[in-house]
1. Measure nothing but the geometry: give the 0 to 90° angle between the long axis through the Cα atoms of 44-65 and the longest principal axis through the Cα atoms of the chain, rounded to 10°.
2. log10 I(q)/I(0), Debye, Cα-only the range 17-63, no solvent, q = 0.14, 0.34 Å⁻¹?
3. Just the accessible area for Ser130, please: 1.4 Å probe, Å², rounded to the nearest 10?
4. I'd like the orientation of helix 125-153 relative to the chain: the angle between its Cα long axis and the longest Cα principal axis, in ° from 0 to 90, rounded to 10.
5. Once the Cα atoms of the range 1-102 are picked out, what are the Rg and Dmax in Å?
6. Using only protein heavy atoms and a 1.4 Å probe, report how much of Val72 is accessible, in Å² to the nearest 10.
7. Any chance you could give the angle, 0 to 90 degrees and rounded to 10, that helix 2-37 forms with the longest Cα principal axis of the chain?
8. Just reorder Ser40, Ser158 by solvent-accessible area, largest first, 1.4 Å probe, all chains present.
Amino acid sequence: MQVFERYFLAANRWALILLLAAMSVIIFTNVVMRYTTSNSLEWAEEVSRHMMIWLTFLGAGPVLRYGGHIAVENLQDALPRAGAIAVRAFVAALLFAFFGFMVWYGWLYMQRTMFQLTAVTQIPFAYIYSAMLFGGVLLIVHWLLVVRGYVLRREFASDAHFDANASASL
């Protein structure tokens, strides 16, 4: 399971890195072209916007696994250990339900928009909306990998790349 988790997280990170790098190159190239040649790439804004959507949905999982999303923890801090575990178990169940909702509605949006095309690139909107489906699936997998530690001990994954406690203290 640890091998799967390591490769899964590495693949997710590399997808994010490549998307961000491609988006940066497209935007930089477009700005340089606009100011040096008075021409620009017609598709640059649309493609970079769609890449940002994919970045958001694919990046939500790694942030979740490290506890980087905003949370209100006052209630569980005020309760005894058993009560806090019950609250975290309820929160975990709600998150699973929400992620399932994301997957379901991502699938529905893909079906509904398969024949609706984007303005410039003329690709089906279903490819953009599929980010919601894939992001929801990734959130479920990331959450399954850390939920036990979260519910029982209120701990998230940690490694050299991200520390939620250090980030929260900035």
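1. Tilt of helix 44-65: around 10 degrees.
2. -0.37, -1.17
3. The accessible area of Ser130 comes to roughly 10 Å².
4. 20
5. When restricted to Cα atoms, the range 1-102 yields Rg and Dmax of 20.2, 66 Å.
6. Its accessible surface works out to 130 Å², give or take rounding.
7. 30
8. Accessible-area ranking of Ser40, Ser158, largest first: Ser158, Ser40.
The values are calculated or read from the model by the stated rules, or taken from the named source; none is laboratory data. As the structure is a computational prediction, the values presented were derived from the model and not from experiment. Note: areas computed on protein heavy atoms with side chains; ligands, DNA, RNA excluded. Shrake-Rupley method; radii C 1.70, N 1.55, O 1.52, S 1.80 Å.
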